[in-house]
Amino acid sequence: MRILLANPRGFCAGVERAIDIVQCAIKKHGAPVYVHHEVVHNKFVVDGLKAKGAIFVEKMTEVPLGEVVIFSAHGVSQAVRRYSQKIGSIIYDATCPLVTKVHKEVARKQKQNIQVILIGHKGHPEVEGTLGQSSEGQSIQLVESVADVENLALDDMPLPLSYTTQTTLSVDDTGQIVQALVKKFPKIQAPRKNDICYATQNRQDAVKSLMQEADMLLVLGSNNSSNSNRLREIADKMHKNAYLIDTADEIKTSWLAAVNTIGVTAGASAPEVLVRAVIDYLYDYGATEVVEVSGALENVHFPVPKPLR
């Protein structure tokens with residue numbers, strides 16, 4: 001068996017920054033620190049931070065007065081920000097700068113009285129955070145599919161229109177939704193820059209290339225990780241078996257029967273140590289070669305806030 005390793009894979013700059021912020025906050029203030037939602041969507045990472053003193057909450061009402069609060073990489077609504085200030089929290093914002101860019105774009109459009117349509121997955125924390133940027137009296141319309149676009153009523157869209165997207169979507173699927181929006185609303189305004197982040201796009205491109213040769217794909221990532229699920233779906237659409245796993249322990253030997261070449265990648269929230277454990281597992285199974293497949297080079301770095309440096 002031959003193993004093909006996708007490049008790039010694993011941690012992106014936004015995830016590294018978010019994890020660093022939690023660790024630096026614990027070092028500066030001591031445990032506990034409170035994190036609104038999972039700081040990144042990876043069980044291994046979250047469990048490791050819990051062991052160091054991070055407490056993850058879904059509601060700000062779970063946070064005692066005056067404690068250290070960290071906003072997750074997915075971003076939060078304006079309501080969460082206001083409540084955090086109200087209870088006197090020491091606040092560190094671990095929102096990915098590329099998500100913050102989307103939030104600022106939404107705020108700018110609404111100040112210009114432009115109706116915003118958001119392409120994203122309902123219920124995802126990033127989407128909830130972006131929807132929560134809406135100003136009073138100006139809602140943001142969420143669409144998840146081409147069918148949702150077709151169901152939009154023109155009468156419900158009297159203002160000038162613009163669209164923005166969740167940062168971790170499928171590049172191909174989002175392109176189809178954008179085409180449907182432009183067809184239905186020819187004057188709709190596009191974002192200044194593509195909202196799907198560089199890391200999401202690079203990892204998807206790497207898997208598309210990898211799966212030209214591989215018989216099946218293993219994706220290191222948690223079930224609630226949007227970008228990891230999109231990687232698995234790429235292989236699915238190429239009619240090849242693909243499995244999303246948290247750790248090597250979840251691999252079933254039945255998956256590997258008659259597989260000559262196996263692709264391995266990791267979502268943007270999954271650390272490299274998990275990839276190495278999968279390689280070790282596959283070597284024990286009988287793999288004889290590991291090939292690092294070339295891909296886009298990434299040199300992006302987002303520093304932590306000044307008070308934590």
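The values are calculated or read from the model by the stated rules, or taken from the named source; none is laboratory data. The structure displayed is predicted, hence computed values, not measured ones. Backbone-built Cβ (ideal geometry, glycine too); neighbour counts: all protein chains shown.
The set of residues in the range 40-97 that are closer than 28 Å to residue 136 by Cα and among the aromatic types (Phe, Trp, Tyr) comprises 71, 83, 92. The number of residues in the range 218-250 being touching a residue at least 24 places away in the same chain (Cβ under 8 Å) and part of a loop (DSSP other than H, G, I, E, B) comes to 8. If you go through the range 50-90 and pick out every residue that is of a type in the set (Val, Ile, Thr) and more than 22 Å from the chain's Cα centre (by Cα), you end up with 5.
Against the criterion of being in contact with a Lys or Arg (Cβ under 8 Å, 6 or more places away or on another chain) and in the same structural domain as residue 188 (by TED's automatic domain parsing), residue 118 does not qualify.
For the list (1) out of contact with any Lys or Arg (no Cβ under 7 Å at 6 or more places or on another chain); (2) surrounded by 21 or more Cβ atoms within 10 Å (Cβ to Cβ), I need the number of the one condition that residue 149 fails. Residue 149 satisfies every listed condition except (1). Criterion first (in the same structural domain as residue 117 (by TED's automatic domain parsing), in a helix (DSSP H, G or I), hydrophobic (A, V, I, L, M, F, W, C) and without any contact (Cβ under 8 Å) to a residue 40 or more places away in the chain) does residue 178 satisfy it? Considered against the rule, which asks whether it is in the same structural domain as residue 117 (by TED's automatic domain parsing), in a helix (DSSP H, G or I), hydrophobic (A, V, I, L, M, F, W, C) and without any contact (Cβ under 8 Å) to a residue 40 or more places away in the chain, residue 178 comes out as no.
Out of curiosity, is residue 276 at pLDDT below 95, surrounded by fewer than 16 Cβ atoms within 10 Å (Cβ to Cβ) and either within 23 Å of residue 14 (Cβ to Cβ) or not assigned by TED's automatic domain parsing to the domain that holds residue 17 (or both)? Step through it out loud before you land on a result.
Numbers: at pLDDT below 95: no; surrounded by fewer than 16 Cβ atoms within 10 Å (Cβ to Cβ): yes; either within 23 Å of residue 14 (Cβ to Cβ) or not assigned by TED's automatic domain parsing to the domain that holds residue 17 (or both): yes.
No.
Considered as a group, the residues in the range 57-69 that are in contact with a His (Cβ under 7 Å, 6 or more places away or on another chain) and surrounded by 11 or more Cβ atoms within 10 Å (Cβ to Cβ) include one that is farthest from residue 22 (Cα to Cα), and that residue is 60.
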